[in-house]
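See structure below.
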Amino acid sequence: MKIAIDDKIPFIRGVLEPYASVEYINGATASSLDVQDADALVVRTRTACNAELLQNSNVRYIATATIGYDHIDAEYCALHNIAWSNAAGCNSGAVEQYVAAALLRIATKNDVALAGKKLGIVGAGNVGRRVERFARALGMQVLRCDPPRARAEGAAGFLSLFDLALQSDVISMHVPLSLQGENKTLHLANAAFFAHVKRNAIFINTSRGEVVDERALSAAIKSDKLQCVALDVWEHEPSLNERLLALVDIATPHVAGYSAEGKAMATQISVRNIAQFFKLPLQNWQHEILPAEPAVTIDCTGLNVQEAVAAAVACTYNIEADDKALRAAPHGGELLRGGYTYRREFSAHTLKLKNASDESMSVLRNMSFSIV
């Protein structure tokens with residue numbers, strides 16, 4: 001049995017070797033020759049698992065160590081008896097951290113008080129729920145648009161996309177990329193969507209670049225419809241629209257989900273799924289517990305709740321450094337991703353708070369920080 005694994009996937013080397021012949025490949029440039037004699041693949045979003053890659057191969061199973069799965073041709077796999085799985089929810093904590101860092105940075109720069117503001121979440125799945133948790137902890141109102149959930153659970157608690165756009169002060173996108181059908185999300189945020197968006201809204205996209213029509217987004221920014229924009233994903237990745245880059249407030253190279261915890265969980269889920277399919281003794285395999293980060297002291301004297309939370313979040317993730325790195329090398333996104341130092345999520349951090357209010361401590365605990 002042979003398994004081909006993207007060489008950028010962390011925490012996996014040595015795990016499957018006792019049970020299979022393992023080859024590590026460049027996932028971004030993988031060809032049919034790389035996988036033709038493999039029984040299983042472990043990939044990321046940069047490997048298009050389609051007929052071009054898979055035809056005449058021995059592949060029977062694909063595990064993608066990602067939440068997204070639009071790079072897998074599900075129809076082709078079904079026709080050729082190739083099973084596959086994704087790592088649903090693996091990086092929800094990392095994306096929550098990213099959205100918190102982006103939103104708090106924008107709010108600080110623009111003197112925006114977030115308590116009482118309405119956050120519209122488009123896509124209320126694993127990631128959307130974590131973003132909702134953070135927003136509610138800060139006193140924001142949360143609106144949700146999720147047609148699949150609304151059909152399954154009933155319309156109560158969900159809005160249409162345009163109604164959400166009309167009412168939201170902040171909009172955060174968390175949908176998978178679907179190119180067609182009832183749940184199509186390709187260019188979900190298009191000219192009609194931005195025409196409905198509330199003036200001076202904040203727009204954040206950490207889902208997939210193709211979910212947003214970049215021409216329509218650029219027009220909305222230029223017309224002052226949007227106050228601020230944070231983009232982690234781009235419509236033509238790995239290429240990047242430099243004109244749009246110059247217009248947005250925060251720009252990063254598709255790293256919102258790049259936490260050590262998220263990557264470890266993605267690897268764990270992938271290993272377990274392969275083990276279950278091939279009946280390997282790794283079906284309960286767990287990645288070793290990652291060490292906690294050293295405690296950080298934050299002086300909260302004179303800080304309100306939002307300011308205290310912003311200081312805590314900034315200790316865990318310097319989003320401005322990622323923005324600066326991408327602007328310095330707009331064509332180097334793949335290198336930035338490949339060499340990225342995985343950050344640690346809120347739960348890995350312990351805070352020593354000086355003169356913090358009870359409300360600030362409560363909010364930070366609700367965000368999974370440890371406080372001593």
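Let's see how each residue does on (1) surrounded by fewer than 21 Cβ atoms within 10 Å (Cβ to Cβ); (2) among the charged types (D, E, K, R); (3) in a loop (DSSP other than H, G, I, E, B):
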residue	(1), (2), (3)
ALA195	yes, no, no
LYS198	yes, yes, yes
ALA216	yes, no, no
ASP224	yes, yes, yes
VAL233	no, no, yes
GLU237	yes, yes, yes
ARG243	yes, yes, no
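Answer yes or no: is there a residue in segment 124-131 that is in a helix (DSSP H, G or I), buried (at least 20 other Cβ atoms within 10 Å of the Cβ) and not assigned by TED's automatic domain parsing to the domain that holds ASP169. So far as segment 124-131 goes, no, none of its residues is in a helix (DSSP H, G or I), buried (at least 20 other Cβ atoms within 10 Å of the Cβ) and not assigned by TED's automatic domain parsing to the domain that holds ASP169. For the condition polar (S, T, N, Q) and under 26 Å from ALA310 (Cα atoms), what is the one hit in SER207, SER178? From the options SER207, SER178, the qualifying one is SER207. Limited to segment 43-67, what total is found for residues that are surrounded by 19 or more Cβ atoms within 10 Å (Cβ to Cβ) and in a loop (DSSP other than H, G, I, E, B)? Of the residues in segment 43-67, 8 are surrounded by 19 or more Cβ atoms within 10 Å (Cβ to Cβ) and in a loop (DSSP other than H, G, I, E, B).
For segment 311-334, name all the residues that are assigned to a loop (DSSP other than H, G, I, E, B) and closer than 16 Å to ALA256 by Cβ. Across segment 311-334, the qualifying residues are TYR317, ASN318. Among the residues making up segment 259-275, those that are touching a helix residue (DSSP H, G or I) at 6+ places or on another chain (Cβ under 8 Å) and either surrounded by fewer than 24 Cβ atoms within 10 Å (Cβ to Cβ) or not hydroxyl-bearing (Ser, Thr, Tyr) (or both) are ALA260, GLU261, GLY262. If you go through segment 184-222 and keep only what is over 22 Å from the mean Cα position of the chain (by Cα) and of a type in the set (A, V, I, L, M), you end up with ALA191, ALA192, ALA195, VAL197, ALA216, ALA219, ALA220, ILE221. Candidates in segment 138-162 are the residues that are charged (D, E, K, R) and touching a residue at least 24 places away in the same chain (Cβ under 8 Å); of these, the one that is surrounded by the fewest Cβ atoms within 10 Å (Cβ to Cβ) is ARG149.
The residue that is surrounded by the most Cβ atoms within 10 Å (Cβ to Cβ), among those in segment 1-42 that are of a type in the set (Asp, Glu) and without any contact (Cβ under 8 Å) to a residue 60 or more places away in the chain, is ASP6. Which residue is surrounded by the most Cβ atoms within 10 Å (Cβ to Cβ), if the candidates are limited to segment 276-310 and must be assigned to a helix (DSSP H, G or I) and touching a helix residue (DSSP H, G or I) at 6+ places or on another chain (Cβ under 9 Å)? Restricting to residues being assigned to a helix (DSSP H, G or I) and touching a helix residue (DSSP H, G or I) at 6+ places or on another chain (Cβ under 9 Å), the top hit is ALA308.
Residue count for segment 318-339 under the criterion of being acidic (Asp, Glu) and buried (at least 17 other Cβ atoms within 10 Å of the Cβ): the result is 2.
When GLN286, GLN306, GLN227 are checked against the criterion of being farther than 24 Å from ALA28 by Cα, touching a residue at least 24 places away in the same chain (Cβ under 8 Å) and outside the structural domain of VAL170 (by TED's automatic domain parsing), GLN306 stands alone in meeting it. Would you check if there is a residue in segment 87-103 being more than 30 Å from ALA28 (Cβ to Cβ) and either assigned to a helix (DSSP H, G or I) or not assigned by TED's automatic domain parsing to the domain that holds ALA321 (or both)? The answer is yes; a qualifying residue exists.
All conditions but one from (1) assigned to a helix (DSSP H, G or I); (2) acidic (Asp, Glu); (3) surrounded by fewer than 16 Cβ atoms within 10 Å (Cβ to Cβ) apply to GLU182; the one that does not is (1).
Screening the candidates ASP70, ASP6 for the property of being outside the structural domain of PRO238 (by TED's automatic domain parsing), of a type in the set (Asp, Glu) and at pLDDT 95 or above yields one hit, ASP6.
The values are calculated or read from the model by the stated rules, or taken from the named source; none is laboratory data. The structure displayed is predicted, hence computed values, not measured ones. Every residue, glycine as well, gets a Cβ built from its backbone with ideal geometry; the counts of neighbours run over all protein chains shown.
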